[in-house]
Amino acid sequence: LHTGGTRCNVTNRRSPEEIVKHIPGNGRFLYSAFSQFDNQDIIQFFESRGVRLKEEDHGRMFPVTDSAKTILETFIQEIKKLGVQVRTNVKVKTIRVNEGAVRVVELDNGEQLQADAVILATGGKSYPKTGSTGDGYGIARVAGHTITPLFATEVPLTSSEEFIQKGELRALSLRNVALSVLNGKGKAVVTHQMDMIFTHFGISGPAVLRCSSFVHQVQEKEKKKEVVMSLNALPDLSASELDAKLKGFVEEAPLKSIKNHLKTLLPERYIEFLLAKVGIDDQTAVSRLTEANWAQIKEALTNFRFTVNGSLPIEKGFVTGGGVHLKEVNPKTLQSKLTQGLYFCGELLD
């Protein structure tokens with residue numbers, strides 16, 4: 001309900017294959033679940049109950065009302081129709097397992113609820129103000145489950161780069177950039193084309209949040225703290241289109257400074273920063289720039305590289321990585337392989 005600025009990003013219209021591709025690590029685990037109930041089924045579920053959805057950028061689906069309340073009310077109506085009893089202001093303390101099966105849910109007030117099946121849908125450890133404080137991991141351990149190391153995903157990234165520490169670009173937003181996470185060989189592991197912002201600690205914004213889990217993946221795989229990012233500030237221009245644009249600067253106004261030309265494309269602060277980085281005076285007339293200068297400018301605009309070294313704490317993230325080990329869960333039913341009648345869903349899983 002909180003996603004999409006509390007508008008509720010219900011699902012995504014992309015193909016299951018495309019969705020899985022953007023889940024780092026264990027996305028393939030979802031294929032069995034998707035074969036039974038996928039994103040198209042989610043869309044149908046809501047539309048058959050009178051909730052119209054709309055598609056926005058990157059396949060994201062929202063209610064046409066732009067309000068998460070629409071989705072919440074639909075769920076409330078559905079559980080009433082199904083006769084589901086909802087208990088509020090109670091806390092689950094633990095579960096009781098007997099002879100390999102879950103039997104009892106114990107509340108912190110001492111009350112014991114008999115159960116043939118229990119679904120753990122507690123969420124992860126991130127975003128604790130929503131009530132998601134990591135309690136589900138302890139309950140899973142009671143049933144003998146392994147919890148893989150937890151880490152923040154969908155989270156702002158930190159950097160020890162000098163320009164970050166000095167705040168040279170602090171609070172500068174860039175629209176529709178392509179941000180890539182590079183592995184040790186300099187190859188892009190993932191690229192997300194969205195907005196971003198430079199902060200006093202590093203970088204944030206939609207593109208950064210999408211890249212964050214892949215940064216953690218590279219750190220773990222390559223056993224290193226610093227991960228290289230590549231920023232293309234003009235991803236909608238091909239190399240030849242950018243060449244033509246820069247050549248046009250010289251033809252249109254040869255005596256105009258390179259800064260004044262480039263600030264028609266990008267924020268002036270970012271232009272000043274990039275030109276200083278490559279050692280070009282931003283007041284230089286474009287007619288005086290050499291071929292080598294133009295090559296430096298193109299590289300800076302489309303492949304500005306810098307390092308990040310981690311993320312904000314897990315409590316600051318929107319999603320938790322890690323969780324109940326997938327080898328201990330049946331992918332077709334999401335039932336525990338260790339305890340009969342115990343099921344998992346959502347962020348609790350790794």
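Let's see how each residue does on (1) surrounded by fewer than 18 Cβ atoms within 10 Å (Cβ to Cβ); (2) closer than 19 Å to LEU169 by Cβ:
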residue: GLU222; (1), (2): yes, no
residue: PHE249; (1), (2): no, no
residue: LYS256; (1), (2): yes, no
residue: ASN260; (1), (2): yes, no
residue: ASN309; (1), (2): yes, yes
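Would you confirm, using the coordinates I've provided, whether THR191 is farther than 19 Å from HIS58 by Cα, modelled with pLDDT of 95 or more, of a type in the set (Val, Ile, Thr) and in the same structural domain as VAL286 (by TED's automatic domain parsing)? Step through it out loud before you land on a result.
Working: farther than 19 Å from HIS58 by Cα: no; modelled with pLDDT of 95 or more: yes; of a type in the set (Val, Ile, Thr): yes; in the same structural domain as VAL286 (by TED's automatic domain parsing): yes.
No; evaluated as a whole, the condition is false for this residue.
Looking only at residues that are part of a loop (DSSP other than H, G, I, E, B) and in contact with a helix residue (DSSP H, G or I) (Cβ under 9 Å, 6 or more places away or on another chain) in region 323-338, which one is surrounded by the most Cβ atoms within 10 Å (Cβ to Cβ)?
The first filter runs over region 323-338 and keeps only residues part of a loop (DSSP other than H, G, I, E, B), leaving 323, 325, 330-334, 337-338.
Now restrict to residues that are in contact with a helix residue (DSSP H, G or I) (Cβ under 9 Å, 6 or more places away or on another chain): 323, 330-334, 337-338.
Values: GLY323: 25, ASN330: 13, PRO331: 14, LYS332: 11, THR333: 12, LEU334: 19, LYS337: 14, LEU338: 15.
Checking each candidate, the answer is GLY323.
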Practice problem: Give region 242-264 a look and list any residue that's under 16 Å from THR290 (Cα atoms), part of a loop (DSSP other than H, G, I, E, B) and charged (D, E, K, R), or say none. | Solution: LYS256
Exercise. Please list, ordered by first then second residue, the pairs with beta carbon atoms under 8 Å, 6 or more apart or interchain, first in region 52-66 and within 14 Å of SER15 (Cα to Cα), second of a type in the set (Val, Ile, Thr) and in a helix (DSSP H, G or I).
Key: MET61/ILE43
Exercise. State all residues of region 173-227 that are among the hydroxyl-bearing types (Ser, Thr, Tyr) and touching a strand residue (DSSP E or B) at 6+ places or on another chain (Cβ under 8 Å); if no residue qualifies, say none.
Key: SER173, SER180, THR191, SER204, SER212, SER213
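For region 328-346, enumerate the residues that are more than 15 Å from TYR31 (Cα to Cα) and in contact (Cβ under 8 Å) with a residue 24 or more places away in the chain.
Applying the first criterion (more than 15 Å from TYR31 (Cα to Cα)) to region 328-346 yields 328, 335-344.
Across region 328-346, the qualifying residues are GLU328, SER336, LEU338, THR339, GLN340, GLY341, LEU342, TYR343, PHE344.
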Quiz item: Quick check: anything in region 166-182 in a helix (DSSP H, G or I) and buried (at least 21 other Cβ atoms within 10 Å of the Cβ)?
Solution: no
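The values are calculated or read from the model by the stated rules, or taken from the named source; none is laboratory data. It should be emphasised that the depicted structure is a prediction, and the values quoted were computed from it without experimental measurement. For neighbour counting, all protein chains shown are included, and Cβ atoms are generated from backbone atoms with ideal geometry for every residue, glycine included.
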